[in-house]
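Data first, discussion second: the structure below is written as structure tokens.
The values are calculated or read from the model by the stated rules, or taken from the named source; none is laboratory data. In this text, all values refer to a predicted model and were calculated from it rather than measured experimentally. Virtual Cβ from ideal backbone geometry, glycine too; neighbours counted across all protein chains shown.
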Amino acid sequence: MADFRKWIYALAVVALLAGFTVPVSAQSPPFQCTANAGVPPIVRAEGYTELVGDLTLNCTGGVSTPAGATVPQVNITILLSTNITSRLLAGGLFNEALLIIDEPHSAVNPARDILNCGASGAPDTGTSGPGVCSIISTGNPANTYDGTKNADGGGVNSCDGIDPDGTGPIRARLASGSFGCGRPNVFQGRIGIAQNTGQNNSTVFLGVPLDPPGTTTNRTIRITNVRSDAEFTGVSSTFQTAQIQMNIAVNGNTSLSINNPQQIVAYVQKGLVAQVQTSKLDFIQCIPENGALFNGVGGSISTYFNSPQPSYRFQEGFASSFKVRNFSEILANGTFTAGATYYAYNGGTSSGSPDINQNVPGAIYNTEGGFSFRASTVATEPTINPPAGVGTIPVSSTLNPLSSTSTGIAGAGVATQGTRLVLSFSSLPSGSAVYVPAVVNLVRQGTSTPATGVAVYTATDATGSGAYTPPTSLSNLVAVGSSNLAVYEVLFADPFSLEQVDIPIVVAYVANLAQNLPQPGVTGQVAGGFAPFSASATWRQPSSTLPIPRFIPGTVPQNLYLISKCACNLLFPYVVSSAGFDTGIALANASQDPGAAFGFLATPQNGTVTFFYYGSGANNSAAPPPQTTNKNVNAGTVLTYVASSGNADFGLDNRAAGFVGYVITQSQFQYCHAFAYISALGAGPLTPGTSEGYLGIVLDKPNTLPRTVQLAGENDGH
């Protein structure tokens with residue numbers, strides 16, 4: 001009996017202890033998040049403001065905030081392995097980087113409205129200042145970030161006395177419009193404190209209400225619109241691909257662990273290959289080139305491509321290196337057909353006005369802009385959102401564009417221009433001009449057709465910056481102005497094709513030999529690159545005024561065209577002033593013609609003549625050095641020269657006495673002809689003995705000396 005009673009007492013104690021013990025299955029798992037960057041994009045090594053991939057935190061566990069309590073706040077900081085260059089939007093403090101919670105207005109939550117902290121209905125008037133909001137929990141963590149406005153914003157929420165999930169009144173004592181009455185799901189970043197001079201690699205999201213999802217749901221935190229100085233990272237010189245990394249840190253009054261807090265958010269590769277495709281180094285000063293164009297007489301573009309002209313080629317370093325400014329340009333200039341993966345270029349050149357909002361979190365638009373949601377006065381909602389080719393699940397239209405009275409969030413994700421390609425000309429010969437087409441087509445690399453996209457000439461400042469300003473007429477050539485820049489903005493590109501664009505360059509001038517124009521002997525050069533461009537250190541820093549995107553300067557200049565002075569080159573294959581023989585040369589300046597009335601096109605020209613000697617001098621010495629007349633040989637006159645005595649009237653000495661070999665003469669006038677006569681030394685016309693005569697051989701390229709209207713050039717041997 002005593003043993004039985006002892007068992008009774010023991011069992012009672014066990015039961016009592018069990019009452020104080022929580023079953024393992026009822027304990028809440030810890031609040032933790034796993035960082036994920038998805039598939040990091042490739043960004044351009046030439047860029048200062050390249051958009052890196054979004055970083056997401058997928059969060060589970062923790063104890064969700066009880067109904068009626070304030071959701072605890074945290075500070076979330078991101079740090080890049082290079083400078084963050086997201087646009088500064090207000091007071092040099094807030095930038096365009098955004099933190100979006102629970103994927104509103106996306107395939108995950110297609111009907112959930114977007115509401116940013118600081119917008120009407122989500123006051124940021126608390127003690128922590130602009131950009132910091134408070135959220136009062138309904139007790140249902142799935143609805144903490146449902147984008148509901150307070151009464152002042154036209155919505156219904158807990159501050160009106162009825163919580164959104166209909167479970168009853170909560171905090172009805174608070175007045176409508178009070179701080180903490182909204183349910184924002186978008187929070188704006190601000191630039192972090194520079195750790196060293198020029199090191200601006202952090203962005204912080206302050207006071208973000210972070211409600212643990214508990215066991216009934218999960219939480220997604222997306223960080224987007226982060227731009228990076230990719231040129232600082234550069235292209236790796238080894239087979240190890242250069243990359244940009246992002247770290248994330250959380251501080252606050254919520255215990256939170258993050259798995260894999262360091263993520264690769266971009267790979268860096270060369271975005272552009274730019275080079276002269278065809279140079280032309282044989283223009284001749286006294287033969288006009290597109291003279292009518294130079295004199296301001298226009299015409300169709302095809303008119304000026306009948307003769308060979310120089311050209312320049314831009315090639316994508318990787319597909320999607322060329323981007324439009326806003327997806328509205330893709331919709332305007334492309335056609336989407338069922339079964340296709342993307343739009344086909346339709347031949348348009350529209351700037352896509354007005355813009356459309358690119359406001360679906362996680363959607364890949366392949367534009368220079370990021371996540372943007374602006375008022376209907378400047379941007380509209382696409383008919384299907386996201387547009388075809390971007391996403392597959394349509395989302396509901398939202399009524400809350402990003403707005404704030406003090407943080408400038410409405411400008412988030414907006415690019416100032418699409419990808420621009422720039423030709424930078426230098427050392428252009430005086431008296432000449434270059435012209436380029438107003439419109440050029442993009443094609444797949446290695447092909448010439450069909451067009452896969454388009455780029456249009458735009459006026460800019462000296463860096464390639466400025467609003468898109470195309471020429472009045474897109475059918476004519478455009479003169480490259482005093483800035484010596486020709487800038488093209490991409491208005492349509494296929495992100496799934498490696499594309500290239502060839503830009504023909506038309507050289508024009510008229511002959512003005514009296515003023516030695518166009519300038520001979522100067523090689524015009526050109527360099528290519530992305531625009532806008534600058535080497536200034538400020539372009540590597542975040543800015544509220546500099547353009548987006550922006551780039552380093554382009555390639556090293558290459559030779560494009562050269563104008564040679566008018567010259568006539570003759571070969572005398574055998575000249576002797578030795579062993580009892582002598583050579584005389586009569587060289588005519590034949591640029592004096594009867595005139596155009598008789599069908600002749602030559603222009604009278606005057607110039608010097610230089611003699612070059614190849615062979616051996618007297619007593620087998622080295623050939624004598626060249627010599628040049630000390631005055632011009634006038635049009636319609638003949639220069640005579642004797643190897644043994646020269647011609648004192650023109651400053652030619654007897655250095656060729658004893659010479660045996662060949663002679664080349666270069667006359668600084670376009671048309672010359674000559675006759676050489678070999679005879680006995682000192683012999684006169686009537687002296688008996690051996691003699692021989694021959695014509696000097698014209699060395700100039702055939703069909704380049706149009707003396708008559710037939711344009712048939714004078715060539716070797718006449």
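Among the residues examined, residue 138 does not qualify as farther than 19 Å from residue 219 by Cβ and either hydroxyl-bearing (Ser, Thr, Tyr) or in contact with a helix residue (DSSP H, G or I) (Cβ under 6 Å, 6 or more places away or on another chain) (or both).
Residue 630 meets the conditions (1) at pLDDT 95 or above; (2) in contact with a strand residue (DSSP E or B) (Cβ under 6 Å, 6 or more places away or on another chain) in every case but one. The failed one is (2). Within the range 265-292, being surrounded by fewer than 16 Cβ atoms within 10 Å (Cβ to Cβ) and over 24 Å from the mean Cα position of the chain (by Cα) holds for 281, 282, 291, 292.
Out of 445, 515, I need the residue that is within 19 Å of residue 419 (Cβ to Cβ), of a type outside the set (A, V, I, L, M) and surrounded by fewer than 20 Cβ atoms within 10 Å (Cβ to Cβ). Which one? Break it down into steps so the answer makes sense when it comes.
Details: 515 fails: within 19 Å of residue 419 (Cβ to Cβ).
Residue meeting the stated conditions: 445.
When residue 9 is tested against the conditions (1) at pLDDT 50 or above; (2) part of a helix (DSSP H, G or I), the lone failure is (1). Here the condition is being crowded, with 22+ Cβ neighbours inside 10 Å, polar (S, T, N, Q) and touching a residue at least 12 places away in the same chain (Cβ under 8 Å); of 405, 419, it holds for 419 alone. Take the residues in the range 670-685 that are exposed (fewer than 15 other Cβ atoms within 10 Å of the Cβ) and either part of a strand (DSSP E or B) or modelled with pLDDT under 70 (or both), then tell me which one is nearest to the chain's Cα centre (by Cα). Of everything passing the filter in the range 670-685, 680 is nearest to the chain's Cα centre (by Cα).
Quick check on my filter: what residues within the range 330-343 are of a type in the set (A, V, I, L, M) and surrounded by fewer than 16 Cβ atoms within 10 Å (Cβ to Cβ)?
Pass one, the range 330-343, residues of a type in the set (A, V, I, L, M): 330-332, 338, 340.
Scanning the range 330-343 gives 338, 340.
Within the range 503-537, being under 15 Å from the mean Cα position of the chain (by Cα) and more than 25 Å from residue 48 (Cβ to Cβ) holds for no residue.
State which residue is surrounded by the fewest Cβ atoms within 10 Å (Cβ to Cβ) when the search covers only the range 209-228 and only residues that are within 30 Å of residue 540 (Cβ to Cβ) and not polar (S, T, N, Q).
222
Residue-by-condition table, conditions (1) of a type in the set (Phe, Trp, Tyr); (2) surrounded by 15 or more Cβ atoms within 10 Å (Cβ to Cβ); (3) in the same structural domain as residue 497 (by TED's automatic domain parsing); (4) on the phi < 0 side of the Ramachandran plot:
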| site | (1), (2), (3), (4) |
| --- | --- |
| 430 | no, no, yes, yes |
| 435 | yes, yes, yes, yes |
| 439 | no, yes, yes, yes |
| 456 | no, yes, yes, yes |
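For residue 67, state whether it is touching a Gly at 6+ places or on another chain (Cβ under 8 Å) and modelled with pLDDT under 95. In short, yes.
Can you tell me which residue is surrounded by the most Cβ atoms within 10 Å (Cβ to Cβ) among those in the range 463-498 that are in a loop (DSSP other than H, G, I, E, B) and among the aliphatic types (A, V, I, L, M)?
As a first pass, look at the range 463-498 and keep what is in a loop (DSSP other than H, G, I, E, B): 463-476, 480-484, 493-498.
Okay, now just the ones that are also among the aliphatic types (A, V, I, L, M), so 467, 474, 480, 493, 498.
Numbers: 467: 10, 474: 14, 480: 20, 493: 30, 498: 17.
Checking each candidate, the answer is 493.
The residues on offer are 656, 635, and the sole one that is crowded, with 16+ Cβ neighbours inside 10 Å, farther than 14 Å from residue 586 by Cβ, modelled with pLDDT under 95 and hydrophobic (A, V, I, L, M, F, W, C) is 635.
Of all residues in the range 173-192, those satisfying the criterion of being surrounded by fewer than 24 Cβ atoms within 10 Å (Cβ to Cβ) and either at pLDDT 90 or above or not assigned by TED's automatic domain parsing to the domain that holds residue 137 (or both) are 190, 191, 192. Residues in the range 623-652 that are without any contact (Cβ under 8 Å) to a residue 60 or more places away in the chain and closer than 18 Å to residue 582 by Cα: 623, 624, 639, 640, 641, 645, 646, 647, 648, 652. Would you check which residues across the range 585-630 are surrounded by fewer than 12 Cβ atoms within 10 Å (Cβ to Cβ) and either more than 53 Å from the chain's Cα centre (by Cα) or in the same structural domain as residue 516 (by TED's automatic domain parsing) (or both) and list them? 594, 597, 598, 619, 620, 621, 622, 630 - these are the residues of the range 585-630 that are surrounded by fewer than 12 Cβ atoms within 10 Å (Cβ to Cβ) and either more than 53 Å from the chain's Cα centre (by Cα) or in the same structural domain as residue 516 (by TED's automatic domain parsing) (or both).
Taking the range 229-252 as the range and being of a type in the set (Ser, Thr, Tyr) and surrounded by 14 or more Cβ atoms within 10 Å (Cβ to Cβ) as the test, the residues that pass are 233, 236. Does at least one position in the range 687-698 carry a residue that is at pLDDT 65 or above and crowded, with 19+ Cβ neighbours inside 10 Å? Scanning the range 687-698, I find at least one residue that is at pLDDT 65 or above and crowded, with 19+ Cβ neighbours inside 10 Å, so the answer is yes.
Filtered by the rule that a residue be in contact with a helix residue (DSSP H, G or I) (Cβ under 9 Å, 6 or more places away or on another chain), in contact (Cβ under 8 Å) with a residue 40 or more places away in the chain and among the hydroxyl-bearing types (Ser, Thr, Tyr), the range 324-362 gives 342, 343, 345, 349, 350, 351.
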